[in-house]
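Computed from the coordinates by the stated procedures, all read-outs in this text should not be read as laboratory data. Everything numeric here is computed off the predicted structure, so don't read it as measured data. Quick reminder, even Gly has a Cβ in these numbers, built from the backbone with ideal geometry, and neighbours come from all protein chains shown.
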Amino acid sequence: MKFSFLEKIKEKSQFLQWKVLIGFFSLTLLLIIASLISLYGMIELKDSGVMIEHTFTVIEEIDQCKSITREIGIAQAYTEDAASENTRSLFSNLKSEIKILQNLTKDNQIQQVRILGISNLITTAEKQPGSFESKKGIILIEIAELLNNMQEEELRLLNSRNATNTLRGTRVAYSLLTLVIVSFLVVGYGSYAVQKDIKEKRRITDRLIESESRLLSILDNLPSAFCMMDLEGRALFHNQVFANRFLGSKDKRQDMGLENLFGSEKAQFISTIITKSLEKLGPLDFELDLIVSDEEKTFYCVIVPLVDLEGEVYSVCGLFTDISVRKNYEHDLKKAKEEAEKANRAKSEFLAMMSHEIRTPMNGVIGMTELLIDSNLNKEQKEYAEIIQKSGESLLNIINDILDYSKIESGTLSLEIREFSVIETIEEVLDLFRSRAAQKQIDLVYYLDPNVPDRILCDSLRLKQIFINLIGNALKFTEQGEIFLSAEVSKLEGNLYTILFAIRDTGIGIPNEKQKELFQPFYQVDTSSTRRYGGTGLGLSISSRLIEMMGGVIWVESEIGIGTTFSFYIQVEGNNQAKNKEKAANSELENKKVLILDDNPTNLRILAYQLQILGLITFSAKSKEEALNLLDLDIMPDLGILDYNLPGNTGIEIAQEIRKRNFHFPLVLLSSSFLDPKDKEIAGELFAGELSKPVKKKDIERIVTEILAEDESGTKAKANTRSSYLASQKEILSSQFPFKIMVAEDNEINQTLAKRIIQKLGYEPFIVPNGKEALIALREKKINLIFMDVHMPEMDGLQATQVIRNTWPVESQPYIIAMTAAAMQGDRDLCLRAGMNDYISKPIVFEELVHVMRKAGNTLFPKSKA
């Protein structure tokens, strides 16, 4: 609002009359300013003239005083009597002149001081005439000097006032000159602007004439009839087509009203449309049958109201397009469409019959497999049966490819939108290809970006079908290496996700010249009679059509001998609520260490990422040597995951080597194939669990949680607690480390448990119920390893440990391991500050027990260190 006035002036200055008015106003303003400056200069000159006149008066009075003073000097020279009548008369005149001079210079302090001095000298001379005579000439000289000084001061003031007056006059002259120049500039610019506007208006007028001529030419050459009507419907202007169509007779050219042109019924209908258009202030279109040359034709009509600058409707335009030919085509097309729909219904009925005939036997296969799964099967048999079931479903989907393509072509295929888990869908698809990938020793790997929602709204069956087609192709054309499926979010708008999927293989690749044709139906890259790879050539075509139905696009990137990547994106709705809950549930595994051994870098990276999401710290190795080097660096993991198929060694052989070197952390075997009975028996002794490739997210979470995490009651989940493991460690420990063990534990059940476990390791422990009894036994027996409970009656483990550390000689102090159900980090620190050497939590995990005993043996018996 601040600049509204200026903006209005700027807007109005675009018009010629406003420019003239602004120029006239500017000149008037300049003349007023010049008059004011002139008036100001005149007033200043008048004031300056008065001051100069006053200065001249003062100078004349000073000259008069000086004249009287000279007369006094002359009289004094010729008259010996200083007090003569003539002299007194002259002094009286001098005093009178001095008073006049005093009045004239009352605004000048310096002159007033000098006048006072002159007055004092005159008074002195009048009171002491003798003295005056004796100082002959001195007083007169002083008076004359003072008068001369006053005259010089006045002359100086006169010069100063003259200079000021001259400067003011010059400024006024320059100001007036500037205003004259500005006036000339304003007049010149105004003349230029007016001339320019006149030229512009002439140019605009010419362009308007040209535009109008062009418009008339266009209107006359339109294939449609055009007319401009008044608000009552009378034609005011029309093009040549309108004249040819509707003004064939002379009476119609004379009276161009609607009723005369089109008849009363049509005129009334058009008038109604015009009224509605005026009410709407917008165009209205309609179809109307009109008589042209005694022949009825169909016209597509548009009525548009014309509005002026003030927003008032001043006329109505009508456009009449002959669509009779198009109407005939539409009639023919409608008839052809009905025939096509009839044929399509027959085709759909045939497809429905074929679908029924094909699905019936497949339903028997899948249904009986489900019954088999529900029967009493062992784990391996159940896994086989589940793969048969999923393969049957996959086979049914592949058989449906032909039917799907037919449905797509006929437009009868629709998507069934429902909510499902992305990761479960991917894992189910990869499960179908696990056996084939294992036979070819190809790794199946997948990666899901954290931003991908846990559940999405889409057609899960069709998305599976796309994955099956793409992964099946990748597996068909890949002989070694890996197949990697990834999913990430490329765009997010509210709950609408654009998810980018990519399937990358290390196969034979596709030539550039054949990539463009890949998504055409029935297309084969190799169409020779000796081709190695079969297929219908419909998989990629169907996948492409399905992806388009999901709002996405598919494309391919390939290099011969390197591999191929099929990428596509789809648009879906999704939510991440389940994923957020899942993250919170895995916090108990935080900072546990895991060693991963796998020769495939992609699988290694993805497996490490899946474990890191759970809060675990991972150490990766690509070979046996790298893994053993990490262990030799004293990086003691809480869990190891070993791949079975490694160059030069199997995972079982590497696990045996790890155990020989006395590393006793739990191990998990990672395999892409089923083990033979012998390897399976050995693996059962060495490994706490087994994972199958491709590794499922829920499987790795389950097995890691079973081995490393604690449940809500504070007890550790199932780990390696079998007695066979203790038996395998008995000879290794007891032969290298001859411990004398004491267990300080007040609970009888825990006493018995600890005693049995330690006995299975080849030792005979001495049991005491509290810390006080432990001190007594330590004095009587030679004990070098104590498992000390923290909470005990009479004297707890912390107090007993402090007594031992403070009173026993250093060389005879035992190695003390805290063994308590208190498993918080603060409890561990408290035990170590009290003087204990190590810490193990309850319930006892065999691997942890063996691990802390090995550390104790290496400290107590360094010569026996492995």
**Request:** Using a 10 Å cut-off on Cβ atoms, rank the peptides 545-551, 466-472 from the highest mean neighbour count down.
**Result:** 466-472, 545-551
**Request:** Can you figure out the FRET efficiency of residue 329 with residue 307, using R₀ = 30 Å and their beta-carbon distance, to the nearest 0.05?
**Result:** 0.25
**Request:** Name the long-range amide H neighbours of residue 497: under 5 Å, sequence gap of 5 or more, or other chain; modelled H, no Pro or chain starts.
**Result:** 572, 573, 574
**Item:** Estimated distance in nm for a label pair at residue 794 and residue 699, the labels positioned 7 Å out from Cα along Cα-to-Cβ
**Value:** 5.4 nm
**Item:** Förster radius 30 Å - calculated FRET efficiency between residue 676 and residue 855, Cβ distance, rounded to 0.05
**Value:** 0.25
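Apply the a/c threshold of 1.5 to the C-alpha gyration tensor of the stretch 586-709 and tell me whether it is rounded, prolate or oblate.
In terms of gyration-tensor shape, rounded.
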**Asked** Around residue 792, which amide H atoms from residues at least 5 apart in sequence, or from another chain, sit under 5 Å from its own amide H, with H modelled in the peptide plane?
**Response** 797
**Prompt:** Where in the stretch 202-238 does the amide nitrogen come within less than 17 Å of the point 7 Å from the Cα of residue 279, taken along Cα to Cβ?
**Reply:** 232
**Fill in**
Here FRET efficiency (C-beta to C-beta, residue 209 to residue 612, R₀ 56 Å, nearest 0.05) is 0.10
**Complete:** Distance in nm between residue 549 and residue 272 label points, each 7 Å along Cα→Cβ, equals 4.5 nm
**Request:** Please list the non-local residues whose amide H lies under 5 Å from the amide H of residue 618, H modeled 1.01 Å from N, same-chain partners needing a gap of 5 or more.
**Result:** 594
**Request:** Compute the length gained on full extension between residue 160 and residue 173: take 0.36 nm times their separation in residues and subtract their Cα-Cα distance, giving the result in nm to one decimal.
**Result:** 2.7 nm
**Request:** Determine the gain in length on full extension of the stretch residue 85-residue 195; use 0.36 nm per residue of separation and subtract their C-alpha separation, reporting nm with one decimal.
**Result:** 30.5 nm
**Asked** Can you give the net charge of the other residues whose Cβ lies under 12 Å from the Cβ of residue 664, counting K and R as +1 and D and E as -1?
**Response** +2
**Fill in**
Taking 446, 314, 763 and counting other beta carbon atoms within 10 angstrom, the fewest-first order is 314, 763, 446
**Message:** Per 0.36 nm of contour for each residue apart, how much would the distance between residue 113 and residue 575 grow if the chain were fully extended, relative to their Cα-Cα spacing?
**Reply:** 156.0 nm
